[in-house]
There are 2 protein chains.
Amino acid sequence: MIETPYLLFLGDAPDQLAVKVAQGIKDWRPDNAVAQFRMDGCKADLGLADMTLAEAKEAGAKTLVIGVANRGGVISAAWKSVLLEALNLGFDLASGLHNLLRDEADLASAATKNGRSLHDVRIPSEPYPIANGVKRSGKRVLAVGTDCSVGKMYTALALDAAMQKKGMKSTFRATGQTGILITGEGVPLDAVVADFMAGSIEHLTPDNDDDHWDVIEGQGSLFHVSFSGVTLALIHGGQPDALILCHEPTRETMRGLPDYTLPSLEAVRDTALALAKVANAGCKVVGISINTQHMSEAEAEAYLAEVETRLGLPAVDPFRQGGDRLADALAAL
Amino acid sequence: MIETPYLLFLGDAPDQLAVKVAQGIKDWRPDNAVAQFRMDGCKADLGLADMTLAEAKEAGAKTLVIGVANRGGVISAAWKSVLLEALNLGFDLASGLHNLLRDEADLASAATKNGRSLHDVRIPSEPYPIANGVKRSGKRVLAVGTDCSVGKMYTALALDAAMQKKGMKSTFRATGQTGILITGEGVPLDAVVADFMAGSIEHLTPDNDDDHWDVIEGQGSLFHVSFSGVTLALIHGGQPDALILCHEPTRETMRGLPDYTLPSLEAVRDTALALAKVANAGCKVVGISINTQHMSEAEAEAYLAEVETRLGLPAVDPFRQGGDRLADALAAL
């Protein structure tokens, strides 16, 4: 578990897109974001106060989170000097980068010297059990997609926010690096060893109050041949009571797989539900989340209405409309 | 790749069941098995010549394979002295044990000193790519099961043997520790990191002659909640042209999951085929392999006849009947 609140390191980000991790933290857990730290040449701005390391420490920040993608897969000398100073000032560091903080000898030794933690959320931080399939108390909802990167994390975060606002008991359960940095904990499922995938999700979503919902971040797609096994481990480890289908209607081929077209929402519904019932016979598909970012308002409205009629389920774009109707669908279960 | 042929180390096996890895090597790759090495108190016997390390070396053995399960998860002092002597005599060592040979300091240093290899097939020996889903030349058949441990490896090995005998081009592709030790190579899929599971199977079953069959060893089951993700990665990474359904009819609950009953063969057929068609639209279910070890001859015959009629596919027990009819079904495709 990563200590909060954070100082968000934007480094020398070339554009706003490069800081989407930091943006996610600021959007979804604003209380976790004390300030931003920008270096010379940084082209991104979250609209947070700019603070020095010392100012942020004074303001209560516990962890410097690398909220920016690095270029060329190396941690530059300019970054390094900031990270070392942060450790010396008593910050922990957290990163989702592929190159691990712990593999940098100077960072590792500064962390040891100062008694600080290096959180590399790219890889698991603990051993996971093999799944036992035992039915757990509490309820769980999982986002499943027609493809990778169609908005499953966004959907889950928006749903969790809407449920909290309605006074429902819910917890967003992160299964990817960005989600883990946003909330401070979770399972980096894509880096878990095959035998323990489903077990890691059982571990992430333990017994809970009967009226509590775990809102589980989805990964991959049953129809994405590179990552479908990860998706099925989520479905069987998560034992969901409810599924939400996620889709991006303008995408023509599967992400990274130019020879593969996207499945229909009906195909995802039928396939995911049949598999989910193996672990939870009462599972239901309760709603549809459509990422309409590449559509006009009018196109989006027409598409959502058509899908809602066709599938007989609430269909929303949580970015445009929030997660209220999806939360209502869960409350009605 | 493990150098063959082998000397099979049976250690101080308490019974015949403890040496099932060695038995598999002797049964399926007899040319790989030069001799057996038994210690005092060994209760197992493969019917091979007993040789000392020096005799086996003289007879051409290249690798000492640990063909016996160890008790209590430790490599005993008695075993250790044999393994060290083997390294000093110029043997490589190969093991599928959970505790790795490379983690034993004395074995690691003896291997280095003698320029020998320690093959721990429990874990991957190379990095794997992320699956790209590109259609490969050649044909592939995959065994899928109603449950774990219903005879998928046996089925694949028997099918491969029958195909070889008929002059068909085939290669058994191991995806588990025992299969890897039998053939000397393969992917230990249960130990592969989630993101690379399907890619490891693409890597294992590359482009080949149009009339060549990869006979892929199955793992887990789509209906086994602990390991279903591994199974789906096999289906999508393997791009099978043909599936063979495997079942053990007397089993009442899923292996290790007392709350779960087994799916019907029809459910496995429909679920596996629909998912397989995502990666290979032409995939067909071509036969059924039934493990009738807990049935009498008469019961087995009646059951096989009933399944054959019910599913309209050849149904055989390859242990009783060999893999001929399954090979014929592939040849007819």
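Data overview
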| quantity | calculated |
| --- | --- |
| Failed condition for B:N280, given (1) more than 9 Å from every other protein chain (Cβ to nearest Cβ); (2) open to solvent by less than 10 Å² (accessible area, probe 1.4 Å) | (2) |
| Positions within segment A:85-99 being at pLDDT 95 or above and surrounded by fewer than 18 Cβ atoms within 10 Å (Cβ to Cβ), in sequence order | A:E85, A:N88, A:L89, A:G90 |
| Identity of the residue in segment A:181-200, of a type in the set (A, V, I, L, M, F, W, C) and open to solvent by 10 Å² or more (accessible area, probe 1.4 Å), that ends up farthest from the other protein chains (Cβ to nearest Cβ) | A:F196 |
| Tally of residues being out of contact with any Cys (no Cβ under 9 Å at 6 or more places or on another chain), open to solvent by less than 30 Å² (accessible area, probe 1.4 Å) and over 18 Å from B:R140 (Cβ atoms) across segment B:283-312 | 5 |
| Residue in segment A:220-236 that is out of contact with any strand residue (DSSP E or B) (no Cβ under 6 Å at 6 or more places or on another chain), away from chain B (no Cβ under 12 Å), more than 24 Å from A:S95 (Cβ to Cβ) and open to solvent by 10 Å² or more (accessible area, probe 1.4 Å) present | no |
| Number of the condition not met by A:H203 [criteria: (1) more than 16 Å from B:A198 (Cα to Cα); (2) crowded, with 24+ Cβ neighbours inside 10 Å; (3) more than 7 Å from chain B (Cβ to nearest Cβ)] | (2) |
| Any hit, segment B:309-327, residues being of a type in the set (F, W, Y), part of a helix (DSSP H, G or I), more than 25 Å from A:D259 (Cβ to Cβ) and touching a Gly at 6+ places or on another chain (Cβ under 9 Å) | yes |
| Complete set of residues in segment B:113-141 that are farther than 30 Å from B:K62 by Cα and more than 14 Å from chain A (Cβ to nearest Cβ) | B:S137, B:G138, B:K139, B:V141 |
| Failed condition for A:D209, given (1) within 14 Å of another protein chain (Cβ to nearest Cβ); (2) in contact with a strand residue (DSSP E or B) (Cβ under 7 Å, 6 or more places away or on another chain) | (1) |
| Residue ranges of helices (runs of 4 or more DSSP H) in segment A:60-165 with at least 2 members touching a residue at least 40 places away in the same chain (Cβ under 8 Å) | A:77-88, A:152-165 |
| Of all residues in segment B:11-36 being in contact (Cβ under 8 Å) with a residue 40 or more places away in the chain and over 19 Å from the mean Cα position of the chain (by Cα), the one that is surrounded by the fewest Cβ atoms within 10 Å (Cβ to Cβ) | B:P14 |
| Search result, residues across segment A:100-115 that are charged (D, E, K, R) and open to solvent by less than 20 Å² (accessible area, probe 1.4 Å) | none |
| Residue list for segment A:37-59, filter: assigned to a loop (DSSP other than H, G, I, E, B) and open to solvent by 60 Å² or more (accessible area, probe 1.4 Å) | A:D40, A:K43, A:D45, A:G47, A:T52 |
| Any strands (runs of 3 or more DSSP E) falling wholly within segment B:171-269 and containing at least 2 residues that are assigned by the TED database to the domain that holds B:L157 and under 14 Å from B:A156 (Cβ atoms) | B:212-216, B:242-247 |
| Failed item, numbered, when A:R122 is tested on (1) in contact with a Pro (Cβ under 9 Å, 6 or more places away or on another chain); (2) more than 15 Å from A:D241 (Cβ to Cβ); (3) open to solvent by less than 30 Å² (accessible area, probe 1.4 Å); (4) among the charged types (D, E, K, R) | (3) |
| Selection within segment A:284-301 - of a type in the set (A, V, I, L, M, F, W, C) and over 18 Å from A:L159 (Cα atoms) | A:M295, A:A298, A:A300 |
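The values are calculated or read from the model by the stated rules, or taken from the named source; none is laboratory data. No experiment lies behind these values; they were computed from the predicted model shown. Glycine gets a Cβ as well: all are built from the backbone with ideal geometry, and neighbour counts include every protein chain shown. We work out accessible area using only protein heavy atoms, side chains counted, and drop any ligands, DNA or RNA first. Shrake-Rupley method; radii C 1.70, N 1.55, O 1.52, S 1.80 Å.
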